[in-house]
Amino acid sequence: MQSADSGETRAPFVDLREYLALFLAPTLTVGLAVLALGGRQNLLAGSFLGAMFGAMLVGYRRLFHAVRTDEGIERRLTEVDDSPEGNRWVRLSVALDERYDETYDPILAVVFAVIGLGALAAIPFIEGSPRTLIQLALLGLFGITTSLMTAGFALSR
């Protein structure tokens, strides 16, 4: 995998090692910190939180690739092809745009609004655990937010 400039080659194993380090370091750090401070019952949740942060770091690191030069290892910005022939995500977007029927957007917005408002309206009348109330609140916020986003997309076309 020679680059356009002489003496430069891609270093995929450097990329892989850095991906693993960026993913595992926050996962283990947060997991062990939660284990030390919160006990064994919170270890899975702490590790999951660290893994989410590590996945974000890996996502940012994927914007670059390692190149071995005469001076050592350098990071270069990865070039992305935005034509359908060169990028599978662009092909998927084009295929979905052809099949998407936007006449159902207003109906979908109303359905999401009814679900969200119904969940929020049910909170004072439900005698359940605090977990149930939190789930209803999150469902209400999700319903209202997706309703507004769907209506915004429908009106912007």
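Taking GluC sites (Glu not before Pro) in DSSP loop states with no more than 10 other Cβ atoms inside 10 Å as exposed sites, the chain has its longest site-free stretch at 1-70. Volume of the convex hull of the chain (Cα atoms only), normalised per residue: 174 Å³. On the basis of the beta-carbon distance and an R0 of 22 Å, residue 94 and residue 154 show a calculated FRET efficiency of 0.60.
Please give the length that would be gained between residue 114 and residue 8 if that part of the chain were fully extended, namely 0.36 nm times their separation in residues minus their C-alpha to C-alpha distance (nm, one decimal). Before the final figure, lay out the partial values.
On the way: separation 106, 0.36 × 106 = 38.16 nm, distance 5.85 nm.
Length gained between residue 114 and residue 8: 32.3 nm.
Extending 7 Å from Cα along the Cβ direction at residue 42 and again at residue 75 yields two label points whose distance is 3.2 nm. Under 5 Å between amide hydrogens, built in the peptide plane, is the criterion, and for residue 8 it picks out 3 among residues at least 5 positions away or on other chains. Taking only protein heavy atoms and a 1.4 Å probe, the accessible area of the stretch 84-156 is 71% carbon and sulfur.
In this structure the stretch 1-79 gives 74 Å² per residue of accessible area when probed at 1.4 Å with all protein chains present. With a cut-off of at most 14 other beta carbons within 10 Å, and DSSP calling the residue loop, which trypsin sites (Lys or Arg not before Pro) in the stretch 28-95 qualify? Please list them. Loop-located and lightly packed - 62.
What percent do you get for the relative contact order of the chain when only Cα pairs under 8 Å and 6+ apart count?
Result for the chain is 17 percent.
Need the C-alpha centroid separation for the stretch 46-68 versus the stretch 75-137, integer Å. Here the answer is 24 Å between Cα centres.
Can you pull the semi-axes for the stretch 1-79, root of five times each eigenvalue of the Cα gyration tensor, sorted largest first, whole Å?
Details: eigenvalues 253, 22, 10 Å².
Three semi-axes, in Å: 36, 10, 7.
Output the DSSP H helices from the chain with an along-axis C-alpha extent of no less than 27 Å and a mean Kyte-Doolittle hydropathy no less than 0.0.
Span-like helices, by this rule, are 12-38, 130-156.
The magnitude of the dipole of the stretch 1-79, with charges of +1 and -1 set on the Cβ of Lys/Arg and Asp/Glu and taken from the Cα centre, is near 440 debye. Distances between placed amide hydrogens fall under 5 Å for residue 64 paired with 78, all partners being 5 or more residues away or on another chain. Where the accessible area of the stretch 1-79 is counted over protein heavy atoms with a 1.4 Å probe, how much of it, in %, is carbon and sulfur? Accessible surface attributable to carbon and sulfur in the stretch 1-79 totals 67 percent.
Would you kindly state how much longer the chain becomes between residue 83 and residue 25 on full extension, computed as 0.36 nm times their sequence separation minus their alpha carbon distance, in nm to one decimal? Additional length available on full extension: 17.3 nm.
In order along the stretch 64-69, phi translates into HN-Hα couplings of 10, 9, 7, 10, 8, 10 Hz, rounded to whole numbers, per the Karplus curve 6.51 cos²θ - 1.76 cosθ + 1.60 with θ = phi - 60° and x for Gly and Pro.
The values are calculated or read from the model by the stated rules, or taken from the named source; none is laboratory data. Everything numeric in this text was worked out from a predicted model, so none of it was measured. No Cβ is skipped: glycine too gets one built from the backbone with ideal geometry, and neighbour counts run over all protein chains shown. All accessible areas refer to the heavy atoms of the entire protein, side chains included, with ligands and DNA or RNA removed. Shrake-Rupley method; radii C 1.70, N 1.55, O 1.52, S 1.80 Å.
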